[in-house]
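Trainee: Starting off with a structure, shown below.
Coordinate-derived values only; no laboratory data. None of these values were measured; they are calculated from a predicted model. Cβ coordinates were reconstructed from backbone atoms using ideal geometry, including for glycine residues, and neighbour counts include every protein chain displayed.
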């Protein structure tokens, strides 16, 4: 369905629910048997009937996100408000829950339901899930229930979720996915059965978009099987953690000048690498994997304060899970935890990508780098004596590596 058709469709369902009718996106039997709507919940006591009637989701994202007291939560595509109201219970009076929806009828229904429930810590906003009227780093958790699959720009939705999350924030949604790319006949059959499969992503496509947005610790767990390779799924991810006023995100081409300047500043110390001059951006890009590149930035100015990236160790298949990494922090920002946060995010992303070994070479004199890496699980494999000349002197390099406990164990 086109965007306007989707809004009209769900607005009509909101009006039906407001009039006291039970609504469903497909045949009622298929809806209930598939675990859609209120069938996905266990804790509906004391909720307004209108919120339960208007439940059209494919799971229980409130349970998925493991909400805690005092958190700020955003529900993308909040519909009749069932997940907002359940979240409001979990976060308590010191927390706050926002719901955003593009249907004025759904918003009106949700606000009535919130008033009937006596929920004072909730707010429903008019907007799209691709452009939410909330500031950067304003929520702790983003949830959604069978809505992201309806968007025709899912990359924008996930980028928006990343933008609004605070560092360390959680993304926990229920959605519909496919195990593989569906042919048109299979997609039409699924759409007739469950009503919300038309725009669903494959598991790998979903994962790739989460990575591109900057998320780590990605887990996609298939739940109900709806046939033809279509599943309900729990999708979880985390925005990398870092200190206040900072953010870790994927490296962009627009970061080139700042990344290379930090690179050169590190080389100028004489303790970072055998290289003495940073490459061009083209050379930098050609020598490193297109993913597994992250920067730490000032959240207000956007200034790049550090970066981490990886290169393949070998083109041979046996080394597919082995990468060599580099990490550099602006000389004026060291000893502020930026390197540790960047390296932690990189490790999580590498494991998400199926990497079982991360390795690098470090000069023995670079005590700060050795200490950082050892604190995050790297070990010294050995010393390569007089392995290369640097500024006219033969120098040793210590080979360090970190073996994943999750991949290839």
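Trainee: Calculated FRET efficiency, residue 282 and residue 391, Cβ-Cβ r, R0 30 Å, to nearest 0.05?
Mentor: So, using R0 = 30 Å, E works out to roughly 0.70.
Trainee: Let me ask something else about it. Could you work out how far apart the two model spin labels at residue 407 and residue 225 are, taking each label as a point 7 Å from the Cα in the direction of the beta carbon, and quote it in nm?
Mentor: With each label placed 7 Å out from Cα toward Cβ, I get 2.8 nm.
Trainee: Follow-up question, since we're still on this one. Give the relative contact order (percent, whole number) for the stretch 246-403; include only Cα pairs under 8 Å separated by 6+ residues.
Mentor: Across the stretch 246-403, relative contact order equals 20 percent.
Trainee: Pulled fully out, how much extra length does the chain show between residue 269 and residue 155, if you take 0.36 nm times their separation in residues and subtract their Cα-Cα distance?
Mentor: The residue 269-residue 155 span can extend by a further 37.1 nm.
Trainee: Still on this structure, I have one more. Label points 7 Å out from Cα along the Cβ direction at residue 367 and residue 111: separation in nm?
Mentor: The modelled label-to-label distance comes out at 6.3 nm.
Trainee: By counting other Cβ atoms within 10 Å of each Cβ, how are 357, 269 ranked from fewest to most?
Mentor: Ranking 357, 269 by Cβ neighbours within 10 Å, fewest first, gives 269, 357.
Trainee: Now for a different question. Classify the stretch 246-403 from the C-alpha gyration tensor, please: rounded if a/c falls under 1.5, else prolate or oblate depending on whether a/b exceeds b/c.
Mentor: Rounded is the answer for the stretch 246-403, as its axis ratio a/c remains below 1.5.
Trainee: Listing 281, 394 from the residue with the fewest other Cβ atoms within 10 Å to the one with the most, what is the order?
Mentor: Values: 281 14, 394 10.
By the 10 Å Cβ count, ascending, the order reads 394, 281.
Trainee: Report the extension gain between residue 104 and residue 212 in nm, rounded to one decimal, defined as 0.36 nm multiplied by the number of residues separating them, less their alpha carbon distance.
Mentor: Length gained, residue 104 through residue 212: 35.7 nm.
Trainee: Then there is this: How high is the FRET efficiency from residue 399 to residue 205, r the C-beta distance, R0 35 Å, rounded to 0.05?
Mentor: On the way: r = 37 Å, r/R0 = 1.05.
After rounding to 0.05, the efficiency reads 0.45.
Trainee: Exposure proxy check: 165, 209 ranked by fewest other beta carbons within 10 Å?
Mentor: So the ranking, lowest neighbour count to highest, is 209, 165.
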